[in-house]
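Trainee: One structure is given below, represented as structure tokens, and several questions about it will come after.
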Amino acid sequence: MLRALAQQTPTPRVPLIDGDGFTATPWFDGPSTHEVFAPARTGTADPAQQAAMLGAAAGFCRAVAELHRLGWVHADLQAAHCIHTADGPRLIDLAAAQGPRPLPHPGLNTPFEGGLVHLEAPELARPLAAGTTVHPAYTSDVYALAAALWTAATGHWPLDYTAAGIYTAAGINLRTATTTELRTAIGTATLSLRADPAPWPALADILTPALDADPRCRPRAADLADTLETAVAPYERTVATAR
């Protein structure tokens, strides 16, 4: 695998990743959560697909809940980082994960430098923008989990950057904004959620409590899974009636 990667280097003098390394991990066959939610983003989902998407979302949450039970925080949850295999959901890309104790290899115990900025909880974005050390927690994982599902279902980041004036009053264009500028805005904990979570507002209602700016008000990953699993039943009944 590493030899194949090296063949992609433009010239022998240009390293593929300068000064960094690779981690070889098992390959999981199956679609990511982002791929499962494609019908939601296009507005073409039928009740059977909606039931399947809610089930996949619940599975994503269960996988995160199990990680938390083991004492670990993923710290970079995205809809592309959960693969739905025949044996159940599997989390990938744990490079930023934080465990309950230091890892045996000192080089692996690096400070948390953030994940995908649009999915970062305000309590992480604020110190990251200031350049101070911060430790991700279960509650920040839950925020990222809900934000990832919101984005997978709508095709939009969950926070309403336009209403917050990031495009105008703050002088920031989302396409050219730096990570620090976005984190500063997110870290204020005053940005509202998008008011147009179409085409699936019912899912947005489920995810909204997990996107609370106050981490103390967010449900656990297992609780979010319970809510999503309960929401599957009406769609399954609709499918059964149609048959």
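The values are calculated or read from the model by the stated rules, or taken from the named source; none is laboratory data. All of these numbers come straight from a predicted model, not from anything done at the bench. We place every Cβ from the backbone using ideal geometry, glycine too, and count neighbours over all the protein chains shown. Quick note on the areas: whole protein, heavy atoms, side chains included, nothing else; ligands and nucleic acids left out. Shrake-Rupley method; radii C 1.70, N 1.55, O 1.52, S 1.80 Å.
Trainee: Quick test of your reading of the structure: THR110 fulfils all but one of (1) under 14 Å from PRO215 (Cβ atoms); (2) among the hydroxyl-bearing types (Ser, Thr, Tyr); (3) surrounded by fewer than 20 Cβ atoms within 10 Å (Cβ to Cβ). Name the failing condition by number.
Mentor: So the condition that THR110 fails would be (1).
Trainee: If you go through segment 185-208, how many residues are out of contact with any Asp or Glu (no Cβ under 9 Å at 6 or more places or on another chain) and either of a type in the set (Phe, Trp, Tyr) or assigned to a helix (DSSP H, G or I) (or both)?
Mentor: Selection size over segment 185-208: 10.
Trainee: What number goes with the only condition from (1) of a type in the set (Phe, Trp, Tyr); (2) part of a loop (DSSP other than H, G, I, E, B); (3) under 30 Å from GLY71 (Cα atoms) that TYR161 does not pass?
Mentor: Just one mismatch for TYR161, condition (3).
Trainee: Within segment 36-45, work out how many residues are touching a residue at least 24 places away in the same chain (Cβ under 8 Å) and open to solvent by 20 Å² or more (accessible area, probe 1.4 Å). Full working, then the answer.
Mentor: Pass one, segment 36-45, residues touching a residue at least 24 places away in the same chain (Cβ under 8 Å): 36-37, 40-41, 43, 45.
Those still in the list that are open to solvent by 20 Å² or more (accessible area, probe 1.4 Å) too: 36, 41, 43, 45.
Count: 4.
Trainee: Checking the conditions here, which among ALA52, ALA79 is open to solvent by 30 Å² or more (accessible area, probe 1.4 Å) and hydrophobic (A, V, I, L, M, F, W, C)? Full working, then the answer.
Mentor: Working: ALA79 fails: open to solvent by 30 Å² or more (accessible area, probe 1.4 Å).
The match here is ALA52.
Trainee: Considering segment 55-76 alone, what residues qualify as being open to solvent by 30 Å² or more (accessible area, probe 1.4 Å) and closer than 25 Å to PRO122 by Cα? Outline the logic, then answer.
Mentor: Of segment 55-76, the ones open to solvent by 30 Å² or more (accessible area, probe 1.4 Å) are 55, 62, 66, 69-70, 72.
Listed by number, the residues that qualify are ARG62, GLU66, ARG69, LEU70, TRP72.
Trainee: Which residue is modelled with the lowest pLDDT, if the candidates are limited to segment 150-177 and must be β-branched (Val, Ile, Thr) and open to solvent by 70 Å² or more (accessible area, probe 1.4 Å)?
Mentor: THR168
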